Structure formats: structure tokens, C-alpha cells
Amino acid sequence: MRFLTAGESHGPQLTALLEGLPSQLELSAADIDPWLALRQTGYGRGRRMQIETDQVQFMSGVRAGRTTGAPITLVVPNVDYRNWVDIMSPEAGNEPRKKALTKARPGHADLAGGIKYRHKDLRDVLERASARETTMRVATGAVALKLLSSVGIEGVNFVQSMLDIESKVPFSWERLEDVESSPVRCPDPEASARIVAVVDQAKKDGDTIGGVLEIRFRGLPIGLGSHVHWDRKLDGRIAQAVMSVQAVKGVEIGYGFAATRVPGSQVHDAIYRSEAQGYFRETNGAGGLEGGMTDGEELIVRVALKPIATLMTPLPTVDVVTRDSADAARERSDTTAVPAAGVILQCVIGWVLADALLEKFGGDSVPEIVERVRVYREYALEY
């Protein structure tokens, strides 16, 4: 599978073109719109989330509620475009345009992108570098999550920590409501309340906050990915996809960096077997991946998200037109996007897993894939 996205933060629409999806996958806006809505929620989001109500439109590849096997085109209109028609017009003239951005923001793509593409109005960088782009990665990921669910694979995302506030409550699939009911998607109610307080303070200070997210998937068949070539290792593919999301600065799988602080006897997961379960582990230091392949245990990915670069109390910078010292530009932004980023990351990882699923099992239609996965699970149980 593969996809391309297009569109600017304040352009008329965001577009995604998906290729390689099997036919006969039941798919409608109801499978995508809730994920788009989740992406817009979370404590600390800015005013843009109050303007846009993201809803997907199918332009190709879906008919009568099912995929046809043809390329799928998804569109999400930008409601705010009505206020940006002249500013974002593709027609020549009216230079310099209103809302030109010349004061590069530290921590953003502004300066490097301006130099690379020879832009002096850094809005030409901002508009595509903006995390608004992740709208379509959520849309494409939601399609992938629907495909994964057809073979019994499900995922979850939650906030593990923000600043020095860590969740002390172990995650439980049986208590998903603790995550969903938290304004910051944290399973620990006490930590959740403390995080809300520090977000409020950061907003007053004109500052921003990052954090650590955890994304899990269960029900993965053994052997997705491969040990044979570097570019087929699933952990590498997941890390690349995760690191491509705006503001992500670190990723670890399983014990991750903690595995460097203890001997191997406390890191690796002993293997057991029973007639009912087949092969299984009682620990999961590997985070569900060994040798670049799924091992049948839960996939556990933790991601470090830096604070958003746009500060309401801006840092010093340089105006790229005048070359004078200045305060960095201030764009409409969030105090934190950590809770929303978990939704994005679950969708991004979901796409990688769905791609690996099709790579392993093939099939032009969902019924074929479901049957092949069923037979393979029986084989793995008896191996």
C-alpha cells in the first residue's frame, strides 16, 4: 500500500490518494470522521479546532459502502479557507501578500525550508509544514485501522507523561474508559488533573508543553515484517513513520532505553508453550518485535513529542527580509498537542501494520485476507 497527501493549512482542501487497498472492505465516512474528530480534541488545543469540523469526502475507490480495489481519493475541506482566498490564491500578483511570514520561528521548518526552497515569505514553508497536514494521515490511517480490525487487530493510544508528571496507573485494556474520559488521555486520574493544571499555567505564560505517548496494538499475527533486509524490518518502518510526524523527537519500542540499564536476563522474554496458547511470553521487554518481526505479543511504542514551536511569548529570531533581530512570528497555535498526537500516531502506525499485513498475506479482497490470516494463525498455534 502507499499514499500521497496534498494541501496547505489554509488552502481550499486537504487531499489523500490511497493505492493498494483490497476490495470488499466495508468503508464509510463513519469509519473516518470519528478519528478526525478525536484528532481535534484534547486539552490545550487552540482556536483552529473551533473553526474546523473535519469531515471526509470520498471522491473515488468506494462504492455502495465498500472499497472496489481502485485507488481511493479522500478530501477534507478547510472551512477557514474562505478567510484566506486572496492570501492563498495560486494566481500571480499582489506581492507581497497579506500575512507574509518573515520572522522564522525557532524549532519550526521556517528557516531551513526558506533557504532550501528559496522563499522569503516563509508562509510558503509554514503552510505545508504545519501539523494540519496530519489530518490526512489520520484519514488514511483510519482506513488502515478498519482493515486491521477485519482480522482482529486493535490499537490504543494514551499519554504516559507530560513535563515531570508521569502516569502511575498501569495501562489495562479492560479500563479503556479511563483513557477516553481523561481530557488529556491519561489513564491515571491524579496525573491527568495535574497535567491539566500545568497546561493552564503554560497557556498563561505563553509557553508550550510536550510529553511522552504510548501506542499499543494487540492481535498481531507472528511474523509481520522481515529479518531479511534492512528496509523490511518492521521496527525500522514504524520508527520512520513515527519520526515523520511533526514535533516527534524520539521513539522506543518495548523497554527501549531502559534496556540499557539492566542485564540481558532482565530484558529478554522467556518463551513458553501451551496447547491452548501456542507460543507465548510472560514478559514483553521486546515490545512485540524481535528481529524486525512481530512475535505475537502486544506491540508497544513510546514516542517523545517536543513542545510546539509557535510560542505566544516568542523567542528571538531574525527577519529573513530585513536581516534584523526580531521576535519570532506568532501564528494561531496550541498550548499542547500531545493528547491529539496520540491519535495521529496510532493512525500512522496502523498504516505501517496494515501494509505489513498485506505484504505477508496478499489478497485482492478482504475475504481472501481474512481466510489466509485464519489459516496462518492455526499453523502458528500448531508449530
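The values are calculated or read from the model by the stated rules, or taken from the named source; none is laboratory data. This structure is a prediction, so every number in the text was calculated from the model and none was measured. In this analysis, Cβ positions are derived from the backbone assuming ideal geometry, glycine residues included, and neighbour counts consider all displayed protein chains.
Please go through the stretch 270-288 and pick out each residue that is in contact with a Leu (Cβ under 6 Å, 6 or more places away or on another chain) and surrounded by 22 or more Cβ atoms within 10 Å (Cβ to Cβ).
GLY288
Please find, among PHE257, PHE280, the residue that is aromatic (Phe, Trp, Tyr), touching a residue at least 12 places away in the same chain (Cβ under 8 Å) and either outside any loop (DSSP other than H, G, I, E, B) or out of contact with any Cys (no Cβ under 8 Å at 6 or more places or on another chain) (or both).
Selected residue: PHE280, the only one of PHE257, PHE280 that is aromatic (Phe, Trp, Tyr), touching a residue at least 12 places away in the same chain (Cβ under 8 Å) and either outside any loop (DSSP other than H, G, I, E, B) or out of contact with any Cys (no Cβ under 8 Å at 6 or more places or on another chain) (or both).
Could you grab me the full set of residues in the stretch 202-238 that are over 24 Å from the mean Cα position of the chain (by Cα) and at pLDDT 95 or above?
HIS227, VAL228, HIS229
For residues that are of a type outside the set (Ser, Thr, Tyr) and surrounded by fewer than 18 Cβ atoms within 10 Å (Cβ to Cβ), scanning just the stretch 1-23, find the one that is farthest from the chain's Cα centre (by Cα).
Only one residue fits best here, namely PRO12.
Are there any strands (runs of 3 or more DSSP E) wholly within the stretch 1-74 with 1 or more residues that are in contact with a Leu (Cβ under 9 Å, 6 or more places away or on another chain) and acidic (Asp, Glu), and if so which?
Filter on the stretch 1-74 gives 13-19.
In this structure, is PRO71 in contact with a Pro (Cβ under 9 Å, 6 or more places away or on another chain), of a type outside the set (A, V, I, L, M, F, W, C), surrounded by 12 or more Cβ atoms within 10 Å (Cβ to Cβ) and at pLDDT 95 or above?
Judged against the criteria, PRO71 is not a match.
Take the stretch 265-280 and flag every residue that is within 19 Å of GLY219 (Cβ to Cβ) and of a type outside the set (D, E, K, R).
Passing the criteria: SER274, ALA276, GLN277, GLY278, TYR279, PHE280.
How about the stretch 283-341: which of its residues are free of Cβ contacts under 8 Å to residues at least 24 places away in the same chain, of a type in the set (Lys, Arg) and either under 30 Å from ALA202 (Cα atoms) or assigned to a strand (DSSP E or B) (or both)?
Selection gives ARG330 alone.
Inspect the stretch 348-357 for any residue being assigned to a helix (DSSP H, G or I), of a type in the set (D, E, K, R), in contact (Cβ under 8 Å) with a residue 60 or more places away in the chain and out of contact with any Gly (no Cβ under 6 Å at 6 or more places or on another chain) and give the result as yes or no.
The answer is yes, given that some residue of the stretch 348-357 is assigned to a helix (DSSP H, G or I), of a type in the set (D, E, K, R), in contact (Cβ under 8 Å) with a residue 60 or more places away in the chain and out of contact with any Gly (no Cβ under 6 Å at 6 or more places or on another chain).
Kindly list, by first and then second residue, each pair from a residue in the stretch 175-194 that is within 20 Å of ALA337 (Cβ to Cβ) and of a type in the set (S, T, N, Q) to a residue that is modelled with pLDDT of 95 or more and in a helix (DSSP H, G or I), limited to pairs with Cβ atoms under 6 Å and residues at least 6 apart or on different chains.
SER182/SER192
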